[in-house]
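Heads up, the thing below is written out as structure tokens.
The values are calculated or read from the model by the stated rules, or taken from the named source; none is laboratory data. Note that the structure is predicted; figures quoted are calculated from it, not measured. As a convention, Cβ positions derive from the backbone with ideal geometry for all residues, glycine included, and neighbour counts pool all protein chains shown. Just the protein is used for accessible areas: all its heavy atoms, side chains included, with ligands, DNA and RNA removed. Shrake-Rupley method; radii C 1.70, N 1.55, O 1.52, S 1.80 Å.
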Amino acid sequence: AKSNGRSNFQFYNEDIQTKTLRKLTVGNHLRKALDRNELELVYQPKLNINKNTIIGMEALLRWHNTAIGAIEPDEFIAIAEETGQVNEIGNWVLEEACAQARMWQLRNYNLPVSVNISARQFQQQSLYKTVANVLAKNQLPPELLELEITETMLLDDPDSAITTLNQLKEMGVRIAVDDFGTGYSSLSYLKKLPINTLKIDKTFIQDLDTDTDDAAIANAIISLAKNLNLAVIAEGVETHQQLEFLKQAGCHEIQGFLISPPMTAQASTLFIDDLTRR
Ligand code: C2E
Ligand code: CA
Ligand code: CA
Ligand code: CA
């Protein structure tokens with residue numbers, strides 16, 4: 001048992017070393033990613049399945065770096081949060097997404113673009129100024145920008161979260177609460193927040209057909225949204241069964257592989273052209 005404990009300890013140390021090294025390596029490459037044009041935004045459509053119309057496009061970040069290889073945004077954004085690089089990257093994402101939304105608008109598509117905001121970005125007191133500047137620079141109407149923030153960001157510092165959300169709302173920018181159901185929002189608190197949409201996290205959608213708990217949670221979020229006069233959208237919808245369930249439950253806004261995976265800007269424009277052509 002003793003030797004066993006010792007080797008566990010060694011594993012633990014190695015694990016920490018490997019993780020630290022990975023963080024350092026990723027962080028170093030990430031520092032140069034913007035200058036080297038390695039970042040790209042892909043877009044995933046959000047559909048109203050009753051009307052069969054696109055109601056918006058979510059911008060999702062991709063990083064192409066040959067030294068690091070394939071790396072998911074969940075990993076490199078978490079590292080960028082720690083190193084602080086996430087602010088610079090987040091500003092680039094905002095700028096790029098708004099420029100794209102403006103291009104779609106000039107094509108006569110009034111499609112809101114949704115941008116994921118990181119915790120650190122949301123804590124910046126100047127966020128609304130940054131947003132205002134980006135909108136002005138791209139001549140984009142504020143209602144064509146939606147910010148996706150997570151439940152946990154609202155709980156860290158509720159007072160400053162409310163201040164920031166009010167500033168953004170006053171500007172006319174829309175707010176969605178992402179990953180809804182995975183945090184611990186107090187429900188009474190939710191009604192005080194100037195938000196527009198609840199986004200049901202894909203972990204509750206995945207096993208909707210077989211897991212009665214997940215089905216109950218999805219139903220609860222949908223009725224909560226209805227009662228609070230908020231829009232509700234489900235992410236990660238992959239099957240027709242899931243779609244049917246959500247339809248029955250009264251959730252008509254859908255995002256997921258069933259409709260489309262995230263696509264390059266160019267492919268997104270073709271997708272929009274296709275669905276909009278009459
Ligand atoms: P998220 O905002 O919850 O985004 C949903 C994730 O689910 C995306 O993963 C998307 O590609 C994926 N997805 C979409 N449809 C389906 C589906 O039907 N099935 C499954 N299994 N997955 C689906 P992705 O692009 O890898 O992004 C992961 C997370 O990284 C995002 O989660 C978000 O938290 C973060 N992220 C991505 N881009 C940005 C960004 O520009 N800024 C910030 N701060 N975070 C970002
Ligand atoms: Ca999101
Ligand atoms: Ca999610
Ligand atoms: Ca997320």
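Counting only lysines at least 8 places from Lys247 when in the same chain, those with an alpha carbon closer than 25 Å to its own are Lys46, Lys51, Lys191, Lys199, Lys202, Lys226. Ordered by solvent-accessible area of protein heavy atoms (1.4 Å probe), largest first, the residues Met103, Met263, Met57 come out as Met103, Met263, Met57. With springs connecting C-alpha atoms under 10 Å apart, model the chain as a Gaussian network and identify which of Ala119, Ala97, Ala220 has the largest mean-square fluctuation. The residue with the greatest mean-square fluctuation here is Ala220. For the range 202-271, GluC sites (Glu not before Pro) are listed when DSSP marks them as loop and at most 13 other Cβ atoms sit within 10 Å of their Cβ; the list is empty. Highest GNM mean-square fluctuation among Glu148, Glu82, Glu14, for the chain modelled with Cα contacts below 10 Å: Glu14. Among Leu190, Leu30, Leu145, the largest mean-square fluctuation in a Gaussian network model of the chain, built with springs joining Cα atoms closer than 10 Å, belongs to Leu190.
Of Phe180, Phe257, the residue with the largest accessible area leads and the full order is Phe257, Phe180 (1.4 Å probe).
With both residues required to sit in the chain, DSSP beta bridges show an antiparallel share near 40%. To put it simply, the accessible area of the chain at a 1.4 Å probe is 50 percent carbon and sulfur.
Annotation: amide H of Ile175 within the under-5 Å range of Leu147, Asn196, Thr197, sequence separation 5 or more or interchain, hydrogens built in the peptide plane. Accessible area per residue for the chain, computed on protein heavy atoms with a 1.4 Å probe, is 53 Å².
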